[in-house]
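Here the structure is laid out as structure tokens; the discussion comes afterwards.
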Amino acid sequence: MFSDAYLPALLKFLKTLRPPLIELYHHQNTSDVHTKSDNSPVTTADLVSHKAILKFLTELTPNIPVISEESETPVSVTTNQFWLIDPLDGTREFIAKTDDFSINVALIENNVAVLGIIYVPVFDAFYFAEKNNGAFKQQGDELPEKIHTRKINTDKPVVIASRRHANNEKLQNFFENIKDYERISRGSAIKFCLIAEGKADLYPRFGETFFWDTAAGQCIVEEAGGAVIDVKGNALRYNGAPPYLNSFFLAVGSGTGFMHLFKE
């Protein structure tokens, strides 16, 4: 297991990033926000987090490569084990001050996320999981508590979706096929966390996402009893080659209800 070697050290380290990120969050200005070549935003906070996590992981596991969203150039990894990190998932949410941003860290082994951590700095909340060892939530300095998905309410499921992809045609079609549902809009990988702790049933995504957006969340959802599948019904997998793009996916809690609406 990786827990004894990596998990405690990672949790302790990620918590040290909270003060500087919260400081930047509350006092950001226009000079802190830039536009990348793909027209997506990047902030000073993204880069501060990236540099700190990259340095930490390089020292903690010098023989395990790191792929980060904020790496200056795409890295092609040929080993069967590597880290995937999103130093600040939900940059647009960070800029808009919605509180919905997170740090995502996943360890990939043979294309599968075997360790996943999502840290939500605003709420000082950790969600983490290790393959075959369960999923947990830790709030502040409290002890970790095991979390579980819930059985889908097929009469009126709670569907969580990105607040920034509300007008997606495929997403609207998905909702129309469900008919009766409760909808929640949230940003970043927090959506996976709500599935994992049984506060939502479905998270459909019909838009572009990258490996670092989903790997940690997938590990947590799966270890909590759920699944993250593509349109063919297969679990998402991760290799070390650019462009690191996912297919469309559906994260579900316990049970298989509504999977048929997503598959091709």
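What to note about this one:
- Scan of the range 186-234 for residues that are without any contact (Cβ under 8 Å) to a residue 60 or more places away in the chain and either assigned to a strand (DSSP E or B) or on the phi > 0 side of the Ramachandran plot (or both), ordered by number: Gly198, Leu202, Tyr203, Pro204, Arg205, Ala227, Val228, Ile229, Asp230, Gly233
Conditions tested, residue by residue: (1) touching a strand residue (DSSP E or B) at 6+ places or on another chain (Cβ under 9 Å); (2) buried (at least 18 other Cβ atoms within 10 Å of the Cβ); (3) among the hydrophobic types (A, V, I, L, M, F, W, C).
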{"position": "Ala9", "(1), (2), (3)": "no, no, yes"}
{"position": "His26", "(1), (2), (3)": "no, no, no"}
{"position": "Val33", "(1), (2), (3)": "yes, no, yes"}
{"position": "Leu47", "(1), (2), (3)": "yes, no, yes"}
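- Selection status of Ser162, among the hydroxyl-bearing types (Ser, Thr, Tyr) and over 14 Å from the mean Cα position of the chain (by Cα): no
- Criterion applied to Thr73, Thr43, Thr58 was being polar (S, T, N, Q) and touching a residue at least 40 places away in the same chain (Cβ under 8 Å), and the one residue passing it is Thr43.
- The listed residue being farther than 26 Å from Lys137 by Cα and more than 15 Å from the chain's Cα centre (by Cα), out of Asp201, Asp180: Asp180
- Residue identified as under 25 Å from Gln218 (Cα atoms) and surrounded by fewer than 17 Cβ atoms within 10 Å (Cβ to Cβ) among Thr73, Thr58: Thr58
- Some residue of the range 160-168 being crowded, with 16+ Cβ neighbours inside 10 Å, more than 30 Å from Pro242 (Cα to Cα), at pLDDT below 95 and hydrophobic (A, V, I, L, M, F, W, C): no
- Looking only at residues in the range 150-159 that are assigned to a loop (DSSP other than H, G, I, E, B) and open to solvent by 20 Å² or more (accessible area, probe 1.4 Å), the one that is farthest from Leu11 (Cα to Cα) is Asp155.
- Evaluation of Thr214 against the conditions (1) of a type in the set (S, T, N, Q); (2) modelled with pLDDT of 95 or more; (3) surrounded by fewer than 18 Cβ atoms within 10 Å (Cβ to Cβ) shows that the sole unmet condition is (3).
- Considered as a group, the residues in the range 110-131 that are assigned to a strand (DSSP E or B) and β-branched (Val, Ile, Thr) include one that is surrounded by the most Cβ atoms within 10 Å (Cβ to Cβ), and that residue is Ile118.
- Only one of the listed residues (Val120, Val114, Val158) is over 20 Å from Leu17 (Cα atoms), touching a residue at least 60 places away in the same chain (Cβ under 8 Å) and out of contact with any Gly (no Cβ under 8 Å at 6 or more places or on another chain). That residue is Val114.
The values are calculated or read from the model by the stated rules, or taken from the named source; none is laboratory data. As the structure is a prediction and not an experimental result, all values here were calculated from the model. Neighbour counts are summed over all protein chains in view; Cβ atoms, including those assigned to glycine, are modelled from backbone coordinates with ideal geometry. Note: accessible area is taken over every heavy atom of the protein model, side chains too, but ligands, DNA and RNA are not part of it. Shrake-Rupley method; radii C 1.70, N 1.55, O 1.52, S 1.80 Å.
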